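For reference, the structure discussed in these notes is given below.
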Amino acid sequence: MIPVTVLTGFLGSGKTTLLSRLLRHREMGRTAVIINEFGEMGLDHELVETSEEDFVELTTGCLCCRLRDDLVLTIHDLLTRRQRGEVPAFEHIVIETTGLADPAPVLQTLASDSALAAALKLANVVTTVDALLGLGTLERFPESSKQVAVADRLVLTKTDLAGDDAQLLCSRLRQLNPWAPLHTVVSGEIAPSVLLGRAQEAVNPLRWLGHSVSSGTASGTAVPISDGRRSAPHGSSIHTFSIVRETPFCAVTLTLLLQALSEHCGGNLLRLKGIVQIEEDPERPAVIHGVQHVFHPPTWLERWPGSDRRSRLVFIAKSIQPAWVTALIETLDAEVRQVSRLQRAGAGAVS
Amino acid sequence: MTHSNPHLDCVNHYLKDLLEGAVRAWDVVADVTVSDDRAEAQVTAADGVAVHITCRPGPTGDWQWHLSRLNGKTEQPRNRAYPSVLAILRALREELAPDHQVYGLVITPRSASL
């Protein structure tokens with residue numbers, strides 16, 4: 001499994017500079033780089049020093065819009081050439097998106113191609129944010145908010161130029177994404193581990209959950225957490241919220257919930273991660289993870305990581321209300337249980 | 001409460017949030033009013049489309065959702081029955097947001113790649 005980092009960030013936020021500097025590190029030596037540039041003529045690749053055979057440029061389109069098939073073909077080609085020994089045996093892939101890219105479709109593309117899913121694992125989504133202009137960009141461009149919202153790591157660039165808005169920017173970033181570690185670039189230098197990350201850390205939703213529900217209120221039913229970490233309504237309709245549920249989910253309820261979320265708001269569900277107690281196997285929590293309408297089969301942990309056995313779902317979404325998710329969960333669960341009761345009663349009558 | 005069916009009690013309790021959240025997810029501006037003591041609601045969209053929804057108990061512990069499209073005070077002969085929450089939400093979406101993009105749930109082949 002080759003880890004993949006998606007490097008995103010708005011136009012001019014310093015993605016290419018960051019990548020260029022990081023590629024000078026020895027730890028990044030076995031990294032294949034795919035740069036997506038928007039425009040008839042790409043320039044960013046000229047600014048990145050890397051071995052030519054490990055480098056691919058995708059131009060005249062945006063990964064999140066027109067080039068998703070190209071991305072799949074490009075990675076397939078890279079993997080094939082790696083297997084044949086035509087390129088060095090790279091151990092990591094970095095995909096730099098355009099500054100205007102919505103990263104969610106890119107993640108979805110990586111997940112939904114069966115061959116890629118078998119060969120790759122997402123290590124990190126790293127988003128650069130310009131400390132000088134970032135606040136205004138977040139207010140004006142929804143793409144920028146999405147890039148921040150789905151990040152596993154945020155990198156604040158141009159901090160030496162930042163003005164009085166820096167604190168406001170950090171607050172806004174925390175509203176959009178409460179759990180991603182915020183790294184600051186100092187004199188253009190940052191450790192490669194920020195980009196490379198550790199795959200398990202990024203994939204593991206427990207890291208999100210630890211942040212988002214640590215002070216969650218226990219309840220007998222599903223409750224959205226209103227702890228001030230949800231985003232303000234102005235500027236962007238992207239927000240984050242958590243649902244905590246003490247009652248275990250029927251497995252069917254969980255499936256129906258994912259189906260309903262996908263069907264009615266797939267495009268607005270930027271990311272969903274969760275740890276869920278399933279009634280049929282309560283000792284082994286199920287970890288779920290999805291981007292838009294694409295979900296993985298649950299990963300089953302051997303045991304609960306702590307004493308808290310509540311189901312916890314963390315959403316990054318647009319136009320999805322926590323109360324609706326709660327209502328969906330509860331009505332679906334009630335329906336499933338009622339059907340089960342009727343079936344048992346019917347079986348009893350027959351016997 | 002006029003019924004003690006836990007399923008219908010739950011529907012009654014969450015019906016407003018269920019419908020309000022759905023229309024919001026479809027980017028439809030609509031007013032949702034619900035009955036205090038029955039699983040019954042009316043959804044009136046800004047464009048004038050009005051829909052009446054109920055979830056009624058059946059004789060053997062089952063239930064059925066019903067959706068009727070209203071035209072002013074005249075109920076159109078389109079009263080249809082639906083068996084589940086998902087089905088009634090689909091029907092409501094067809095009435096209020098027929099052009100809303102619908103996605104199918106995709107489960108990836110493996111669990112570690114996303």
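Based on DSSP, what percent of beta bridges with both residues in the stretch A:231-351 are antiparallel, to the nearest 5? Walk me through the numbers before you get to the answer.
Numbers: 23 of 24 bridges.
Close to 95 percent.
How far is it, in nm, from the label point at B:ALA81 to the one at B:ARG56 when both lie 7 Å from their Cα along the line to the Cβ?
Distance between label points: 0.9 nm.
Considering only the other residues whose Cβ falls under 13 Å of the Cβ of A:GLU246, what net charge follows from Lys and Arg at +1 and Asp and Glu at -1? Before the final figure, lay out the partial values.
Details: positive: A:ARG245, A:ARG309, A:ARG310, A:ARG312; negative: A:GLU279, A:ASP308, A:GLU330, A:ASP333.
In short, 0.
What is the average number of partner chain Cβ atoms found within 10 Å of a Cβ in A:287-296? Can you show the working numbers first?
Values: counts 1, 1, 5, 5, 3, 2, 5, 6, 6, 9.
Other-chain Cβ atoms within 10 Å of each residue's Cβ, averaged: 4.
Which pairs in the list A:LYS146/A:LYS273; A:LYS273/A:LYS318; A:LYS15/A:LYS158; A:LYS273/B:LYS16 are over 18 Å apart, alpha-carbon to alpha-carbon? Don't skip to the end; give the middle numbers.
Details: A:LYS146/A:LYS273 16 Å; A:LYS273/A:LYS318 15 Å; A:LYS15/A:LYS158 11 Å; A:LYS273/B:LYS16 26 Å.
In this structure, A:LYS273/B:LYS16 exceed 18 Å between Cα atoms.
Please compute, for peptide B:19-27, the average count of beta-carbon atoms on other protein chains lying within 10 Å of each residue's beta-carbon.
On the way: counts 2, 4, 12, 7, 1, 7, 16, 4, 4.
Taking all residues of B:19-27 together, the mean is 6.
May I ask you to derive the relative contact order of the stretch B:1-67, considering only C-alpha pairs under 8 Å and at least 6 residues apart, and to give it as an integer percent? Can you show the working numbers first?
Values: 96 pairs, mean separation 16.4, N = 67.
Computed over the stretch B:1-67, the figure is 25 percent.
Given the peptides B:79-92, A:166-179, A:147-160, A:104-117, arrange them by the average over their residues of other C-beta atoms within 10 Å, most packed first. All intermediate terms of the calculation are to be shown ahead of the outcome.
On the way: B:79-92: 17.6, A:166-179: 19.4, A:147-160: 23.2, A:104-117: 21.0.
So the order, starting with the most tightly packed, is A:147-160, A:104-117, A:166-179, B:79-92.
Taking the Cβ of A:LEU168 as the centre, find all other residues whose Cβ is under 14 Å away and add up their charges (Lys, Arg: +1; Asp, Glu: -1). Walk me through the numbers on the way to the answer.
Values: positive: A:ARG172, A:ARG174; negative: A:ASP130, A:GLU139, A:ASP164, A:ASP165.
Here the count lands on -2.
Is there a simple number for the mean count of other chain Cβ atoms within 10 Å of the Cβ of residues in B:56-62, and what is it? Before the final figure, lay out each step's value.
On the way: counts 0, 0, 1, 0, 3, 5, 3.
Per-residue shielding by partner chains comes out at 2.
Provide the packing ranking of A:255-263, B:30-38, i.e. peptides ordered by the mean count of other C-beta atoms within 10 Å per residue, highest first.
In decreasing order of mean packing, A:255-263, B:30-38 become A:255-263, B:30-38.
In a shell of Cβ-Cβ distance under 13 Å around A:LEU132, excluding A:LEU132 itself, what net charge do Lys and Arg (+1) and Asp and Glu (-1) give? Could the numbers behind the result be given before it?
Values: positive: A:LYS158; negative: A:ASP130, A:ASP160, A:ASP164, A:ASP165.
Local charge sum for A:LEU132: -3.
Amide H neighbours of A:LEU120 under 5 Å, counting only residues 5+ apart in sequence or on other chains, H built in-plane at 1.01 Å?
A:ILE2
Any read-out appearing in this document is the output of simple, stated calculations on the displayed coordinates, not a laboratory observation. From a predicted model like this one, the values you see are computed outputs, not experimental measurements. Ideal geometry is used to build each Cβ from the backbone, glycine not excepted, and the neighbour counts take in all protein chains shown.
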